[in-house]
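The values are calculated or read from the model by the stated rules, or taken from the named source; none is laboratory data. As the structure is a computational prediction, the values presented were derived from the model and not from experiment. Cβ atoms come from the backbone with ideal geometry, glycine included; neighbour counts cover every protein chain shown. Ligands, DNA and RNA are excluded from the accessible area calculation, which covers all protein heavy atoms including side chains. Shrake-Rupley method; radii C 1.70, N 1.55, O 1.52, S 1.80 Å.
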Amino acid sequence: MPRVLLALTLVVSCSAPGPVQPSPSPSSSAVAVSSNTPTSSPSPTREFTDLKVVAAGDIRGDHVLVMQRSSPSGGFPNRESIWDVPLDGGTPRQLVNYTRAGGLYGDYDVISLPRQLSSDGHRVVLSDPLDAAGRGLIVVDLIAGTARTIALDGIINQPAWSPDGARIAYRHATIAGVLPKDDGVWIVSAAGADARQVVPSAPSGATTVYGWTEDGRGVIFASTTATLSVLDIATGTVAQIGGPTNGNSPVAARTKRPSIAIVFNDQQPRGPLIGHLEVRETATSDGRVVTRYGPTEGTFLAEPRWRPGADEILLFYPTGEGVAERDEIVIVDVPTGRRRTITTPGSLRSAEWSADGGRITYGTLREVRITDADGSSDRVLFQPVPSLSGDQALALSIAAFSPR
């Protein structure tokens, strides 16, 4: 992560056209789940006491999932919800709603819908609901509207689906007195079997899980803020593939070659913000620098995303304490390194391609917008909906949603 504290700025566009108003969430009852343990002994079926899920059903056309947080003035408890938002103007629907766990179970847990959504778009894995705290992971089938637990002990966070949807990687920690103790990277089958440690605990601080390699044979992670590594699951071999990175999701993977894009942070102590974007044929092959940022921008590029069907990468400049505000999306052509920009009405929290690659959805904390890939037809798509009167609602993460 860059050597600055990211205190994200709240931005509201006063001149933006009014968004489609989301429909209220149906008052559904708690969803029944069946708990699957990593051992062979069965666990009893139980009901969630807090989590509620509504079936998305048959999804037609391109949609986007929005993870939002609704918080009272005191900041706790936080209500998290996932909304299904059609890109072509249909009414948004709330699919998932839960209270976020606090304390040790919420620390170090970074929400990233692209990492937590299975590649087929059907399932999302959650580690931060109150119902999951100290119990494991919750897997929600968004289409069917069902949910189940994967029973695991300790603190579980940063879950990431494998490309084939068969396994989940996650960070594990134990509780040592009043503090969490890092326990490295673990993997578990999607059915909840064979949970095992694959990377030992970090030497200091906390492990960060970024996702899987392009072929699903390895997990990309960081044991320190100064290194980026890949674990080969079959051999247990760990290879360092780079130094410090930027943002919550500094690595983007796809099956087509080149398959990996990484934003590295090259800043030196007391030096200006500088870094580069590189691409690789595979996670462990040599990288090729595609573009650089700094030192004139006063901020850094983050969150690379491959454009579906094309060799272009989408990035943006985060805004926070210690960095300059730069309100634009950056699109880099990988073969040539040429950059083009799309001006945005405020600083960004997230940005994603639509499933067909023809449009871009992007979010400030206050709203989610959509634009064509050339920057035309920009409009408000969704505004977060407070769970209770007086709450502050923020859009945290977005992901393309086009189940197949």
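One table, with the values for the structure above:
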{"read-out": "Dipole magnitude of the chain, debye to nearest 20 (Cβ charges: Lys/Arg +1, Asp/Glu -1, about Cα centre)", "value": "120 debye"}
{"read-out": "For TYR210, distant residues with modelled amide H under 5 Å away", "value": "ILE220, PHE221, ALA222"}
{"read-out": "Region 288-311 versus region 385-404: alpha-carbon centroid distance in Å", "value": "26 Å"}
{"read-out": "Two-site FRET efficiency, THR284 against ASP50, from Cβ-Cβ distance with R₀ of 51 Å, rounded to 0.05", "value": "0.75"}
{"read-out": "Cα-Cα P(r), region 104-201, percent of pairs per 10 Å interval", "value": "17, 54, 26, 4, 0"}
{"read-out": "Kirkwood estimate for region 242-302, i.e. one over the average of 1/r between Cα atoms, Å", "value": "11.9 Å"}
{"read-out": "Compactness of region 160-217 as Cα Rg over 2.2 N^0.38 Å, two decimals", "value": "1.20"}
{"read-out": "Accessible area expressed per residue, region 154-238, with surrounding protein chains retained (probe 1.4 Å, Å²)", "value": "38 Å²"}
{"read-out": "Accessible surface of the chain, 1.4 Å probe, proportion on carbon and sulfur as whole %", "value": "51 percent"}
{"read-out": "Taking the convex hull of Cα positions in the chain, its mean projected area over all directions (nm²)", "value": "19.2 nm²"}
{"read-out": "Convex hull of Cα atoms in region 329-404, direction-averaged projection (nm²)", "value": "6.4 nm²"}
{"read-out": "Relative pair counts by distance (%), Cα atoms of region 143-289, 5 Å bins", "value": "2, 9, 18, 21, 18, 14, 9, 5, 2, 1, 0"}
{"read-out": "Spatial extent of region 43-93: Rg and Dmax, with the Cα atoms as the point set, Å", "value": "14.9, 43"}
